[in-house]
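What follows is a set of notes on a single structure, which appears directly below.
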Amino acid sequence: MRRVSMTTRNELVAAVAERYARSSRLDRGRILDEFVAVTGHHRKHAMRLLRGSGAAPAVRRGHR
């Protein structure tokens with residue numbers, strides 16, 4: 001299977017996330033299956049991306 005570039009994956013997340021949010025539970029499962037097949041992400045990671053909760057990690061500062 002051919003790999004998809006990271007830029008293309010990010011564009012795909014932006015395009016599919018809105019449709020994913022408006023869909024019913026059954027449709028979300030189908031959308032998720034398609035997204036996982038195309039991108040190669042794990043299913044749980046794909047759910048987090050499409051929900052929008054995995055956008056940017058918090059900046060941690062090391063204090064001593």
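The values are calculated or read from the model by the stated rules, or taken from the named source; none is laboratory data. Computed from a predicted structure; not experimentally measured. Here the Cβ positions follow ideal geometry from the backbone for every residue, glycine too, while neighbour counts run over all protein chains shown. Keep in mind that these areas ignore ligands, DNA and RNA; they rest on the heavy atoms of the full protein, side chains included. Shrake-Rupley method; radii C 1.70, N 1.55, O 1.52, S 1.80 Å.
Rolling a 1.4 angstrom probe over the protein heavy atoms with all chains in place gives the chain an accessible area of 87 Å² per residue. Surface calculation, 1.4 Å probe, protein heavy atoms: Arg28 sits at approximately 80 Å² accessible.
Applied to segment 59-64, the Karplus parametrisation 6.51 cos²θ - 1.76 cosθ + 1.60 on θ = phi - 60° returns per-residue 3J(HN,Hα) values of 7, 10, 10, x, 9, 10 Hz, with x for Gly and Pro. How fast does the chain diffuse by Stokes-Einstein, in µm²/s, taking the Kirkwood radius from C-alpha pairs at 25 °C and 0.890 mPa s? Answer from the Stokes-Einstein relation: 191 µm²/s. Counting only alpha carbon atoms, the long axis of helix 25-39 and the longest principal axis of the chain meet at about 70°. Counting only protein heavy atoms and a 1.4 Å probe, tell me what percentage of the chain's accessible area is made up of carbon and sulfur. The computed percentage sits at 51. About its Cα centre, the dipole of the chain is roughly 400 debye, where the only charges are +1 on Lys and Arg Cβ and -1 on Asp and Glu Cβ.
In order along segment 8-18, the Karplus-derived 3J(HN,Hα) couplings, from 6.51 cos²θ - 1.76 cosθ + 1.60 at θ = phi - 60°, round to 5, 4, 5, 5, 5, 4, 4, 6, 8, 4, 5 Hz, and Gly and Pro are given as x.
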